[in-house]
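Novice: First the structure, then my questions, so here it is.
Here, each number is a calculation from the coordinates, and none is a lab measurement. Every value quoted in this text rests on a predicted model; they were computed, and no experiment measured them. Cβ sites come from the backbone with ideal geometry, for glycine too, and all protein chains shown count toward neighbours.
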Amino acid sequence: GAVVSQHPSRVICKSGTSVKIECRSLDFQATTMFWYRQFPKQSLMLMATSNEGSKATYEQGVEKDKFLINHASLTLSTLTVTSAHPEDSSFYICSASLAGSSYNEQFFGPGTRLTVL
Amino acid sequence: RKEVEQDPGPFNVPEGATVAFNCTYSNSASQSFFWYRQDCRKEPKLLMSVYSSGNEDGRFTAQLNRASQYISLLIRDSKLSDSATYLCVVPGGSYIPTFGRGTSLIVHP
């Protein structure tokens, strides 16, 4: 099956720093990737839809200037959490679906656990 | 009505039991449906896809009822390793996946 990787898997940073998370589709092309955030014991919350070659579409309540998304190629999307604060500590997961597929099965990255001190 | 609704549970069942979860959805135009399994602190993994009336894979059966707009997941002969959260996913507009809150299953000896 299709494989999606994320890097890093875990990051601990100081408040005020920026953190970049990479999401790569390893063996397929993905014109669209999705970024989610999941707090403990809560469901996945869609943050934004990342489109290759165009601006990301953010969900209501998600600050686009704080969560910068760049989808520079068909296999890579990055999420940068700028000026991170403790309340940004969460599990960030990306997903991608096969370009051109009429179905919508999502392949998930392993997630990045962010802890902001 | 929320786009995708699930009973959060937890469902607490003994080994060997049969358990069923329901998931209701509001987008009547959806054509494909998915059940994912998520273990604690891990990413979701696809369990079953449903494109027509249903799908069966071993102990797992997913059924779709378009008229009532719900999909169900049936697990037979529950194993301890089935303990997890089960997420229902229904693509919405522009194929953006919409997740239910998940149903927690605990299988005990």
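Novice: What does a probe at residue B:70 reach in segment B:80-109, counting residues whose amide N is under 19 Å from the point 7 Å along Cα→Cβ?
Specialist: What the label zone holds, given the 19 Å backbone N cut-off, is B:86-91, B:99-105.
Novice: OK, next. ³J(HN,Hα) across segment A:34-45 via Karplus (A = 6.51, B = -1.76, C = 1.60, θ = phi - 60°), whole Hz, x for Gly/Pro?
Specialist: Once rounded to whole Hz, the list reads 10, 10, 10, 10, 9, 8, x, 6, 10, 7, 5, 10.
Novice: List the equivalent ellipsoid semi-axes of segment A:52-117 in whole Å, largest first, each obtained as the square root of 5λ for an eigenvalue λ of the Cα gyration tensor. Please report the intermediate quantities before stating the final value.
Specialist: Numbers: eigenvalues 114, 43, 23 Å².
Largest first, segment A:52-117 gives 24, 15, 11 Å.
Novice: Then there is this: For segment B:33-109, what's the relative contact order in percent, using C-alpha pairs closer than 8 Å and at least 6 residues apart?
Specialist: Numbers: 139 pairs, mean separation 21.6, N = 77.
The normalised contact order for segment B:33-109 reaches 28 percent.
Novice: Taking the Cβ of each residue in A:3, B:90 as the centre, tally the other Cβ atoms inside 10 Å and list the residues starting with the fewest.
Specialist: A:3, B:90
Novice: Convert each backbone phi in segment A:18-29 into a coupling constant with the Karplus relation 6.51 cos²θ - 1.76 cosθ + 1.60 (shift: θ = phi - 60°), then list the ³J(HN,Hα) values in order as whole Hz, x for Gly and Pro.
Specialist: 10, 10, 10, 10, 9, 10, 10, 8, 7, 10, 7, 9
Novice: Using the Cα centre as the reference, give the magnitude of the dipole from point charges on the C-beta atoms of segment A:28-89 (Lys, Arg: +1; Asp, Glu: -1; all else neutral), rounded to the nearest 20 debye. Write out the running numbers ahead of the final one.
Specialist: On the way: 5 positive and 6 negative charges, 18 e Å.
In debye, rounded to 20, segment A:28-89 gives about 80.
Novice: Kindly provide the Kirkwood hydrodynamic radius of segment A:1-43 in Å, to one decimal, from all pairs of distinct alpha carbon atoms.
Specialist: On the way: mean 1/r = 0.0777 Å⁻¹.
Kirkwood radius, segment A:1-43: 12.9 Å.
Novice: Sticking with this structure for a sec: Skipping prolines and chain starts, which residues have an amide H placed within reach, meaning under 5 Å, of the one on residue B:102, given they are 5 or more residues away or on another chain?
Specialist: HN-HN under 5 Å from residue B:102: B:6, B:88.
Novice: Pull the list of chain B cysteines that no other Cys approaches to under 4.7 Å, Cβ to Cβ.
Specialist: Within chain B, the cysteines lacking a partner Cβ under 4.7 Å are B:40.
Novice: Let me ask something else about it. Can you sort A:47, A:33 from fewest to most other Cβ atoms within 10 Å of each residue's own Cβ? Show your work: numbers first, answer last.
Specialist: Working: A:47 24, A:33 30.
Ranked by crowding around the Cβ, least crowded first: A:47, A:33.
Novice: Could you grab the Rg to Rh ratio for the protein assembly as shown? Cα atoms only, Kirkwood for Rh. Let's see the in-between values first.
Specialist: Working: Rg = 17.7 Å, Rh = 18.2 Å.
A ratio of 0.98.
Novice: Pick out which of B:92, B:58, B:16 has the largest mean-square fluctuation in a Gaussian network model of chain B, springs linking Cα atoms closer than 10 Å.
Specialist: Per the Cα network of chain B with a 10 Å cutoff, B:58 tops the list.
Novice: Could I ask something else about it? Shielding by partners for B:42-49, please: the mean number of other protein chain Cβ atoms within 10 Å of each residue's Cβ.
Specialist: Counting other chains' Cβ atoms within 10 Å and averaging over B:42-49 gives 5.
Novice: Another question about this same structure. Could you pull out every Cys in chain A that lacks a partner Cys with its beta carbon under 4.7 Å away?
Specialist: Taking the Cβ cut-off of 4.7 Å, the unpaired cysteines of chain A are A:13.
Novice: Using a Gaussian network model of chain A whose springs link C-alpha atoms within less than 10 Å, name the residue from A:29, A:60, A:42 with the highest mean-square fluctuation.
Specialist: A:42
Novice: When only alpha-carbon atoms count, how far does chain B stretch along each of its three principal axes, as whole angstroms with the largest first?
Specialist: That gives 42, 28, 22 Å along the principal axes, largest extent first.
Novice: Per the Debye formula with a single identical scatterer at each Cα and no solvent contribution, what log10 I(q)/I(0) holds for chain A at q = 0.14, 0.16, 0.18 Å⁻¹?
Specialist: Calculated log10 I(q)/I(0) at the listed q: -0.52, -0.68, -0.86.
Novice: So what is the relative contact order for segment A:1-115, in percent, with contacts set as C-alpha pairs under 8 Å and at least six apart? Spell out each step's value before the answer.
Specialist: Details: 277 pairs, mean separation 40.9, N = 115.
36 percent.
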